[in-house]
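Nothing in this text is a laboratory measurement; each read-out follows from the coordinates by a stated rule. Just so you know, these numbers come straight off a predicted model, no measurement behind them. Please note: Cβ atoms are built from the backbone with ideal geometry, for glycine as well, and neighbour counts cover all protein chains shown.
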């Protein structure tokens with residue numbers, strides 16, 4: 001599965017003919033859309049892993065080798081370009097699907113080189129096709 005990126009802020013800036021009115025255009029709308037598609041877990045970023053709590057309450061930690069980034073969505077603040085965030089649609093190797101929301105400045109936190117490399121979208125983005133997000 002290839003990593004895909006959606007730059008919704010750029011899509012909103014085009015002419016009305018180029019915009020898809022059915023496409024979510026805010027972080028909250030995109031999170032809700034992904035939740036409907038089965039991305040129900042909320043991941044938290046640690047220095048070496050992504051963490052979440054499973055339905056049974058057990059804490060699960062995913063190392064960079066344990067998950068795949070299925071899609072990436074970027075959102076830019078309207079009044080302040082530094083008020084930006086990235087939404088990752090993530091699937092674990094055992095099929096657990098969820099999301100991670102982070103600011104562009106997340107790399108300022110102490111993280112392992114493996115986590116930085118896994119979450120760095122600059123070199124691995126292909127393009128965006130909304131149908132590629134698993135349903």
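What is the spin-label model distance, in nm, from residue 46 to residue 84 if the labels are put 7 Å beyond Cα along the C-beta direction?
2.9 nm
How far apart, in nm, are two points set 7 Å out from the Cα along the Cα-to-Cβ line at residue 25 and at residue 116?
Between residue 25 and residue 116, the simple spin-label model gives 3.6 nm.
So, in nm, how far is label residue 59 from label residue 37 when the simple model puts each one 7 Å beyond its Cα toward the Cβ?
Result for the modelled spin labels: 3.0 nm.
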